[in-house]
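The values are calculated or read from the model by the stated rules, or taken from the named source; none is laboratory data. Keep in mind it's a predicted model, so treat the numbers as computed, not measured. Using ideal geometry, Cβ is built from the backbone for each residue, glycine included, and neighbour counts are taken over all protein chains shown.
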Amino acid sequence: MSMPSLMDRLDVAIRGALTMREKLPPALESSVLVLNRLYLAIHVVSAYRAFCLLSKNVAEVVDFEDGQFVSYDFASWQELSEYRARHFQQVDGDWVRTVKRTIQVPRIIRLLYYDRIPRTSVKFNRRNIFARDNNTCQYCGRRFPTSELSLDHVIPRSRGGESTWENVVCACLECNVRKGGRTPKEAGMTLIRKPEKPKRSPILAQKLTQAKYQSWKAFLSEAYWSVELK
Ligand SMILES: [Zn+2]
């Protein structure tokens, strides 16, 4: 018996959701770590993208079970998902349920035909600076929603301060106004932390604080910090 195409079914579910002007099912927005053939972490993608790769049989699921990693091709993963859904009342994880199928969202997949490590580095942008500083004003140390934070040049641009990881920090509006066009020393203000270029994507670092992504840690040694989120 051939496996019905999961993607057909997912697509129907997703198209339905879009017609209803709803968001994608939340499970499809969770993140999946992508390994290359040599088990090196190279990417983070959405669960939706991971299912696309799995259904084309260019990737397999790497699942953490009883202290070890086990691989499944897509058909076996679908069977295992059905089995788990049937036999365990409370199963952790994210699940995609369509009319006839239930499938577990994998946390890690491995590309079967890709050996390279793409050269990427952490992008210098507002989103990553806020993530690096954990939405915390680097002068008063308080956390704020993104809308109430600004970027501050530690050495002001008017004094030749550059737009670099080492010279730009998160600051609340109050501290930013207080500091004005002065250096921290002139303004009598101190940084709570020396700003540095992050070694790995700050957004990835934030994900690693969530219990559901703990299995990623095994593949994220310092040597492979260059994973970039799309
Ligand atoms: Zn502040």
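In the stretch 145-174, the residue that is farthest from Val122 (Cα to Cα) out of those that are aliphatic (A, V, I, L, M) and either in contact with a helix residue (DSSP H, G or I) (Cβ under 8 Å, 6 or more places away or on another chain) or within 12 Å of the ligand (Cβ to nearest atom) (or both) is Leu173.
Scanning the stretch 46-81 for residues that are touching a strand residue (DSSP E or B) at 6+ places or on another chain (Cβ under 6 Å) and surrounded by fewer than 17 Cβ atoms within 10 Å (Cβ to Cβ) yields Phe69, Val70, Ser71, Asp73. Selection of the stretch 82-133 for residues being touching a helix residue (DSSP H, G or I) at 6+ places or on another chain (Cβ under 7 Å) and part of a helix (DSSP H, G or I) yields Asn128, Phe130, Ala131, Arg132. Listed conditions (1) within 13 Å of the ligand (Cβ to nearest atom); (2) among the hydrophobic types (A, V, I, L, M, F, W, C); (3) within 25 Å of the chain's Cα centre (by Cα) are all met by Val177, apart from (3). If the condition is being of a type outside the set (Val, Ile, Thr) and modelled with pLDDT of 95 or more, then the stretch 134-143 contributes Cys137, Gln138, Tyr139, Cys140, Gly141, Arg142, Arg143. With respect to the stated conditions, Phe144 is at negative phi, in the same structural domain as Thr183 (by TED's automatic domain parsing) and in contact (Cβ under 8 Å) with a residue 12 or more places away in the chain. Among the residues of the stretch 119-142, those that are within 10 Å of the ligand (Cβ to nearest atom) and not polar (S, T, N, Q) comprise Cys137, Tyr139, Cys140, Gly141, Arg142. Go through the stretch 74-107 and give me each residue that's under 21 Å from Val45 (Cα atoms) and aliphatic (A, V, I, L, M). Selection gives Ala75, Val96, Ile103, Val105. Taking the criterion of being within 22 Å of Gly180 (Cβ to Cβ) and of a type in the set (Ser, Thr, Tyr), the residues of the stretch 124-168 that qualify are Thr136, Tyr139, Ser147, Ser150, Ser158, Ser163, Thr164. Sub-8 Å Cβ pairs linking a first residue in the stretch 168-191 that is over 21 Å from Asn135 (Cα atoms) to a second residue that is aliphatic (A, V, I, L, M) and away from the ligand (no atom under 14 Å from the Cβ), at least 6 apart or interchain, are Thr183/Ile155, ordered by first then second residue.
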